[in-house]
1. Within the range A:203-226, can you find the residues that are loosely packed, with under 15 Cβ neighbours inside 10 Å, outside any strand (DSSP E or B) and under 19 Å from the mean Cα position of the chain (by Cα)?
2. If I filter the range B:451-483 down to residues being among the hydroxyl-bearing types (Ser, Thr, Tyr), under 24 Å from the mean Cα position of the chain (by Cα) and open to solvent by less than 30 Å² (accessible area, probe 1.4 Å), which single residue comes out as nearest to B:Tyr685 (Cα to Cα)?
3. Only one of (1) more than 14 Å from chain A (Cβ to nearest Cβ); (2) of a type in the set (D, E, K, R); (3) more than 20 Å from the chain's Cα centre (by Cα) fails for B:Glu760. Which number is that?
4. Test A:Ser101 against the stated conditions and say whether it is touching a residue at least 24 places away in the same chain (Cβ under 8 Å), facing chain B (nearest Cβ under 8 Å) and touching a Lys or Arg at 6+ places or on another chain (Cβ under 8 Å).
5. From the list B:Leu262, B:Leu301, B:Leu217, B:Leu283, which one is open to solvent by 10 Å² or more (accessible area, probe 1.4 Å) and either in contact (Cβ under 8 Å) with a residue 12 or more places away in the chain or part of a helix (DSSP H, G or I) (or both)?
6. What is the number of the single condition among (1) part of a helix (DSSP H, G or I); (2) within 14 Å of chain A (Cβ to nearest Cβ) that B:Thr343 does not meet?
7. What are the residues in the range A:110-132 that are within 14 Å of chain B (Cβ to nearest Cβ) and open to solvent by 10 Å² or more (accessible area, probe 1.4 Å), if any?
Amino acid sequence: MANAVFRVTGLTKIYRTGDVEVRALNGVDMELFEGEMAVLLGPSGSGKSTLLNIIGGLDDATSGEVRFRDQELSAYSERQLTKFRRDHVGFVFQFYNLIPSLTARENVALVTEVSKSPMEPETALSMVDLEDRMDHFPAQLSGGEQQRVAIARAIAKRPEVLLCDEPTGALDSKTGILVLEALAHINEELGTTTAIITHNAAIQQIAHRVISFIDGKISSVHVNQTRLDPAEVVW
Amino acid sequence: MILHPLDKKLLRDLGRLWAQGLAVAMVMACGVATLILSVGAYRSLDETRSAFYDRYRFGSVFASVVRAPVHLKEQISALHDVSAVEQRTVKFVILDIPGMTEPATGLAVSLPDFDQPAVNRLYLRKGRLPEPSRTNEVAVVETFAEAHGFVPGDRFEAVINGSKQSLTITGIVLSPEFIYAIGPGDMVPDQRRFGVLFMSRSVLSGLFDMDGAFNDLALTTLRNADTTRIIEEVDAILKPYGGTGAYGRKDQTSHAFLDAELTQLKAMATVIPPIFLFISAFLVNMILSRLIALEREQIGLLKAVGYGNGSIVWHYAKLVIVIALVGLIIGSIAGYWLGHGLTVLYGEFFSFPFLIFRQSTDLYFLAGGVTIAAALAGAAKAVWTTVSLPPAIAMRPPAPTVYRSFLAGFQRGLSMFSQLTIMAFRHLLRWPVRTFLTTLGTSLSVALLITALFASDSIDFMIDTIFFKADRQDATLSFSGDRAPSALNDVKKLPGVMRAEPFRTTAATIRNGHLEQRMTIIGVSEEAILSRLLDVELQSVEPPPNGLLLSERVAYKLRLRPGDHTEIELQERNQRIVSVPIAAVEKDTDPPERIGSLLNLPVIGIEQSYVGLTAHMRLEALDRMMLDGRKISGARIAVDSAKLDELYEAVKNTPALGSIALQGISRDRFRETIEQNIITSMTVYIALAVIITFGVIYNSARIQLSERARELASLRVFGFTRAEVSSVLLTEIAVIVLLAQPLGWLLGYGFAWSVIQGFESDLFRIPLIIHSDTFAIATLVVFAAAIVSALIVRRRIDRLDLVRVLKTRE
């Protein structure tokens, strides 16, 4: 087995609002390995997004440990977490989170400007087949195109991990497949460790590994012996 | 009481928006306060003045004459519409006040024996009026008495027509004629050094050899009388006796100064409140547009469940009205309080026997109406846009904002900016109207500051010009009548006098066609170095050997330019009056051609003078014109400051002196008074400007933050630091604040210019001088206010909830 990029042990996250206590993660142990494409599968509220946010440095855990390579992420300060996100992580969200006032190219350049060894924004955009739409603003692009810009933006800085939270959640199946193809292509081409969160079980077939969540715990981990090409996935 | 759910929502909205709402309410409060303050003080002051004028029969027409017989009274009283006539003896005297080293100047005014005057009656504050049977009794004006702590029974000495008299104060009075009392050579009232004394006519005429004669006239007219006609008729009657020209209230010093003050209040009432109301309307528009954009789906839902447009509009209108009411209440209290204070201040500065506070309820209604209307106007578009949508569309999120590429075709050119900067620029350009209005709002605070601060530049310049370039003498001595030139030697012999320069004055009417101006022509020596004439570029010029040097204001009023010829009528050479056409003067050295008192002189140049209306000639030329030999009216002197006290003592005992003006003290006094005023007004204006800047910048930053929270949170997710993320918003604010500077400077210059125009009168003019420091200070204050408001908003950026914003759809 390859090296673990993330190693999570006993991770617990409790949200308190007033008197109500919600245990979003309840003692999770998990690893993400170099170069793998993992699908984190589970119904909404099962804790998968919380986990992604914590390993992505967007949120802190109530208890437990997160290690990124040999670093203890859970001990990072706010400033260190910002630097960690900047240098190592690419994010893709359900609602794209593009900057409406920047064109596709500029949205990518936004990130490459502050990265150490980025690819050209144009290269990143052609990897997601958007070389023709580079100077369009988000409002001039379809949902699938916007999500592909978001992917290009996430990978342009050559991150070690790509964290995708419901990347196809807001898209129809046809465009969703295009987005998955882009993700699979990048995983293969660049070897970027990719974690995809979804509640859509069909998507699990494109992963190396499938980690299933229920009620803040991992219910099963399954390794796909044969992976499907995204184009073959149907939902 | 059960609140309607929509009203509960309203209360919660207000609770959430309190900071922004309060910022807007404060801007509104400034508008309301300045309106109530200025209009309230204006009305109170105007009412007080009218009441004082009415009850104490303030004259409508005034005239001075060299010496006219009292029997003219019948002729003057008989003029159509003249209701009362008072003939008086009015003379300057030098006063020797116990405990005061420098001499003071008194204006002695005669009172009818045994009675109050028919015109310009006195308000008796304390004691009684002087009696004709007692030579040494005087009533003094209250300001003068207060400055010296005088009470009835106190004494002081005066040099009256060459003899020193000990005077006893019998009463302390106020006169509608001397609400603003200013001494000769002074630029602001100095109650210590100038006082008006009232003495019985028989006593005063005896002292001045004016038995059976008068030298001053005041008359009242019936309502709606044609004063212009009366002035002409009075002039005709007085002309043979050396009438120096009758004039109406507008040229009466006290009235004119009071009027200038009232005009200023009125200008304040018409200019400043609208600025604040305009800004608050814009701010309300900004806040409500955003609130409604956020609540678009709720509005759609309300409509879907059956709420009519009316109730939705009313719901938002109530929110706006509550904000306006808060502003109105704060503004009304502040306005009432400040207005009261200002009126009392005016009451002290001007001398009124009583103060009438006009409580104008209409004003509060007006302020309330205008404020609420401005707020609703600001809200109208925002509410309407949403209400006009069908519910189904309203419930869906709005279409994403479409941005356009600025500098289209120059994509590469943009590479010099970071994407964060481009974000800021695009956002500014995407909402050009909002950007412009925010800029305009900010620039108005810059302009307001410049308007408040420039006065100090202009006045410093004026002081420098008047006291250090033009009138550099330490004092001006005026004889009680014209003297032979040898009198200058007597002046030179006075202790401490290092240099003395003679001058001669005469009253004249200068004409150009149908335009005419009564004024004093001053003859000065070409060797004068203490008191110098300045041209319009403020360079020293010699008095012309022949012809006149007119002040800019006179030249403008008479439409005269250098090289033009003007007709002069000498008022005091009364025995010879002929009016015939005039031939032109040919050569400089020729004496002016004269027929009777009518002369024709060329205008040689235009001089700069900020005070009064002036015309200068060379002393010898004036002597030639007057045809009565060489004479001098007084001297300007430079004094050894170590010997000032001795000089003062000598002046108090010099019979020939009519009055003394102490320029050095005038200058200090002027500076002191003006500085006090400037500090007060600066404090007020800085506060107003800070409130505007804060209101505008804080609100616009808050709204941007609300609109872009998601965008900014995304940036944080991508690994941008807090400082980098804040820079997007701060860049926008910085661009707006920077753009606002030149615009604000320009507007401020314009405001300052209009203030100067408002001040310009025959009495004085203020040069428009704005130093670069003033622009810089205005800018720095606005920068500081903007930085503070930006930092408050920045703290919110730091606290953005990254996870939550990513999960929500815009």
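The values are calculated or read from the model by the stated rules, or taken from the named source; none is laboratory data. Keep in mind that this is a model prediction, so the values were computed, not measured. Neighbour counts are summed over all protein chains in view; Cβ atoms, including those assigned to glycine, are modelled from backbone coordinates with ideal geometry. Just the protein is used for accessible areas: all its heavy atoms, side chains included, with ligands, DNA and RNA removed. Shrake-Rupley method; radii C 1.70, N 1.55, O 1.52, S 1.80 Å.
1. Within the range A:203-226, none qualify.
2. Step one: filter the range B:451-483 for residues among the hydroxyl-bearing types (Ser, Thr, Tyr), giving B:451, B:456, B:458, B:465, B:476, B:478, B:480.
Filter once more, so that each one left must be under 24 Å from the mean Cα position of the chain (by Cα): B:451, B:456, B:458, B:465.
From the residues that got through so far, the ones that are open to solvent by less than 30 Å² (accessible area, probe 1.4 Å) too are B:451, B:458, B:465.
Working: B:Thr451: 9, B:Ser458: 17, B:Thr465: 27 Å.
Out of the qualifying residues, it is B:Thr451.
3. Just one mismatch for B:Glu760, condition (3).
4. On the way: touching a residue at least 24 places away in the same chain (Cβ under 8 Å): yes; facing chain B (nearest Cβ under 8 Å): yes; touching a Lys or Arg at 6+ places or on another chain (Cβ under 8 Å): yes.
Yes.
5. Numbers: B:Leu262 fails: open to solvent by 10 Å² or more (accessible area, probe 1.4 Å); B:Leu217 fails: open to solvent by 10 Å² or more (accessible area, probe 1.4 Å); B:Leu283 fails: open to solvent by 10 Å² or more (accessible area, probe 1.4 Å).
Exactly one of B:Leu262, B:Leu301, B:Leu217, B:Leu283 is open to solvent by 10 Å² or more (accessible area, probe 1.4 Å) and either in contact (Cβ under 8 Å) with a residue 12 or more places away in the chain or part of a helix (DSSP H, G or I) (or both), namely B:Leu301.
6. Of everything listed in (1) part of a helix (DSSP H, G or I); (2) within 14 Å of chain A (Cβ to nearest Cβ), B:Thr343 misses just condition (2).
7. If the condition is that a residue be within 14 Å of chain B (Cβ to nearest Cβ) and open to solvent by 10 Å² or more (accessible area, probe 1.4 Å), then A:Thr112, A:Glu113, A:Val114, A:Ser115, A:Lys116, A:Pro118, A:Glu120, A:Pro121, A:Glu122 are the ones that fit.
For (1) within 14 Å of chain A (Cβ to nearest Cβ); (2) without any contact (Cβ under 8 Å) to a residue 12 or more places away in the chain, each residue gets a yes or a no:
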{"residue": "B:Ile703", "(1), (2)": "no, no"}
{"residue": "B:Arg710", "(1), (2)": "yes, no"}
{"residue": "B:Ser714", "(1), (2)": "yes, no"}
{"residue": "B:Ser726", "(1), (2)": "yes, no"}
{"residue": "B:Val803", "(1), (2)": "yes, yes"}
